[in-house]
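Just so it is clear, none of the values below were taken in a lab; they were calculated from the coordinates. On a predicted model such as this, the values are computed, not experimentally measured, just so you know. Counting neighbours? That spans all protein chains shown, and the Cβs are built from the backbone with ideal geometry, glycine included.
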Amino acid sequence: MVGGGLAGAHVVTALRERQYAGRLTLVGEEDQLPYERPPLSKGYLQGAEEIDGAFVHPAQWYAEHDVTTRLGEAVVAIDRESHEVELSGGERLPYGTLVLATGAEPRRLPLPGADLAGVVTLRRIADSDALKSAIGEHRRIVIVGGGWIGLEVAAAARLGGSEVTVLEMAELPLLQVLGAEVAQHFARLHRDHGVDLRTGVGVSELTGEGGRVTGVVVDGETLPADVVLLGVGAAPNTGLAREAGLSVGSGILVDEHLRSVDDPDILAVGDVAEARHTASGAPLRVEHWDNAIRQGKLAAATITGADEVYDWAPYFYTDQFDLGMEYVGRGSAEDDVVIRSDLASGEFIAFWLRDGAVSAAMNVNIWDVNDDLRALIGRQIAPERLADPEVALTDL
């Protein structure tokens, strides 16, 4: 296993559950045991959860299941001919099957001042700790990017008493994912809770004093900032695969079983994998918690000879202020949107339709229905039936 994140942990877990008796080694560049990342922008950041709950397993689990962990070490090269990987310290490890779970890294902006202290990204526990320490009364936090991470951090910081500004280039946050109607609901949610949400704006520079950030220049105006979060997406870590001669698109190209299209002894899972999705027939790369877990299990199935494929609809969730939601499928701003119930009530279900078929669905503050929504993905359903709360989801 190259990568000590959630996907890698679930590969080794599922292999042992399938009674795989071979030697397992997990190499992780972080010096932490594998953990789940959602708490970093949600419960842990808000101070509502302890970080211990984010770890997939305690340390003794790996010892008890004969999984060797090499933490704080990086794989720097893959020798496909000799079936070995090289570690940063020069040691070489042999492999029969190699699983690449190298994840993604937050994108940074090529702006003047982007390297100042206090300019942060959010990917690791230490990043969340840095943000937690910055949240509080009279603290000014500026977030560049109105995506899921940016909005979740904005909610946590605002609940913690900070003055929060979110800067988004598009006309609405999450516009390309949700479309205008639902994106406007999220914009209103944040503004109603005191977030200074500015859309259609561009950042030109970060200013500082004594090596530390003090402001963000936006369309000629300098906004004061004690901390600046860059929440402008993440880039998959494909360099190792590319240098080994593996095909790379938006991620490492793998088939529906997660095997590399170039080398059957190498698999890729999680954020870094661009896999053939059998339900759509197209390659798909997903950067969500649920997908990392499911692909970890699928990789284990492939390694142990089971004929399972990548066929599930993507899933994610968010918690922002008093809004909790689950989303399943793959919608876009170009899809038609159907709302069941009333957006203003704060409790509704949204459906996205593409060519008359349900491409995605989202339940907001309505619980225990996401499995029912998952069953609707890909089906042709009349919009008036989707919108009618008198028609049970199981009857659609």
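Among the GluC sites (Glu not before Pro) within the stretch 155-229, which fall in a DSSP loop and have no more than 13 other Cβ atoms within 10 Å of their own Cβ?
Sites meeting the loop and neighbour criteria: Glu171.
Could you work out [θ]222 nm for the chain from helices alone, using -39500 (n - 2.57) per DSSP H run of at least four and dividing by all its residues? Round to the nearest 500 deg cm²/dmol.
Rounded to the nearest 500, it is -6500 deg cm²/dmol.
Test of understanding: what is the full-extension gain from Ser345 to Asp322, defined as 0.36 nm times their sequence separation minus their Cα-Cα distance?
Separation in residues times 0.36 nm, less the Cα-Cα distance, equals 7.1 nm.
Return, for the Cα atoms of the chain, the radius of gyration and Dmax in Å, separated by a comma.
Values for the chain (Cα only, Rg and Dmax): 22.0, 65 Å.
Running a GNM on the chain with Cα contacts under 10 Å, which residue among Trp352, Trp312, Trp61 ends up with the highest mean-square fluctuation?
With Cα springs under 10 Å in the chain, the top fluctuation among Trp352, Trp312, Trp61 is at Trp61.
What are the ³J(HN,Hα) couplings of the stretch 331-340, residue after residue, when phi is run through the Karplus curve with 6.51, -1.76, 1.60 and θ = phi - 60°? Round to Hz, x for glycine and proline.
x, 8, 5, 7, 6, 6, 10, 10, 10, 9
How far apart, in nm, are the 7 Å Cα→Cβ label points at Ala48 and Ile381?
Result: 2.8 nm between the two label points.
How much length, in nm to one decimal, is gained on full extension between Gln19 and Asp307, taken as 0.36 nm per residue of separation minus their Cα-Cα distance?
My answer for the length gained is 102.0 nm.
How would you classify the stretch 244-396 from its alpha-carbon gyration tensor, with a ≥ b ≥ c the square roots of the eigenvalues: rounded for a/c under 1.5, else prolate if a/b is greater than b/c, otherwise oblate?
prolate
Taking Rh as the Kirkwood radius computed over C-alpha pairs, what is the Stokes-Einstein D of the stretch 108-230 at 10 °C in a medium of viscosity 1.306 mPa s, expressed in µm² per second?
Taking Rh from Cα pairs, D becomes 110 µm²/s.
Per-residue HN-Hα couplings for the stretch 86-91, Karplus 6.51 cos²θ - 1.76 cosθ + 1.60 at θ = phi - 60°, whole Hz, x for Gly and Pro?
Computed from phi, the couplings for the stretch 86-91 are 10, 8, 4, x, x, 5 Hz.
Quick one: among Leu175, Leu122, Leu100, which has the greatest mean-square fluctuation in a GNM of the chain with alpha-carbon springs under 10 angstrom?
So, out of Leu175, Leu122, Leu100, the one fluctuating most is Leu175.
Could you tell me what percent of the DSSP beta bridges with both partners in the chain are antiparallel, to the nearest 5?
Rounded to the nearest five, the antiparallel share is 65 percent.
Hey, for a label at Asp219 modelled as a point 7 Å past Cα toward Cβ, could you say which residues of the stretch 139-159 have their backbone N under 17 Å away?
Backbone N within reach: 143-146.
Would you mind working out the magnitude of the charge dipole of the stretch 322-395 relative to its Cα centre, with +1 at each Lys and Arg C-beta and -1 at each Asp and Glu C-beta, to the nearest 20 Debye?
280
Place +1 on the Cβ of every Lys and Arg and -1 on the Cβ of every Asp and Glu in the chain, take the dipole about the Cα centre, and give the residue among His138, Leu393, Leu174 whose Cα lies farthest towards its positive end.
His138
Could you work out how much longer the chain between Asp372 and His57 gets when fully extended? Use 0.36 nm per residue separation minus the Cα distance between them, nm to one decimal.
Here the answer is 110.4 nm.
If you take every residue apart from Arg16 with its C-beta less than 13 Å away from the C-beta of Arg16, what net charge results, scoring Lys and Arg +1 and Asp and Glu -1?
0
Label-point separation (nm) for Ala282 and Asp262, each offset 7 Å from Cα along Cα-to-Cβ?
Placing both labels 7 Å beyond Cα along the Cβ direction yields 2.5 nm.
Return the sequence-ordered ³J(HN,Hα) values of the stretch 264-269 in whole Hz as given by the Karplus equation 6.51 cos²θ - 1.76 cosθ + 1.60 applied to θ = phi - 60°, using x for Gly and Pro.
Per-residue couplings from phi come out as x, 8, 10, 10, 9, 9 Hz.
Please identify, among Val166, Val144, Val85, the residue showing maximal mean-square fluctuation in a Gaussian network model of the chain using a 10 angstrom Cα cutoff.
Among Val166, Val144, Val85, the largest mean-square fluctuation in the Gaussian network model of the chain belongs to Val85.
Dipole of the chain, Cα-centred, from +1 at each Lys and Arg C-beta and -1 at each Asp and Glu C-beta, to the nearest 20 debye?
Roughly 320 debye for the chain.
Does the stretch 322-395 come out rounded, prolate or oblate by the C-alpha gyration tensor, with a ≥ b ≥ c the root eigenvalues, rounded set by a/c under 1.5 and, if not, prolate when a/b is larger than b/c and oblate if not?
rounded
Report the convex hull volume per residue for the stretch 24-164, counting only C-alpha atoms, in Å³.
Hull volume over Cα atoms, normalised by residue count, gives 142 Å³.
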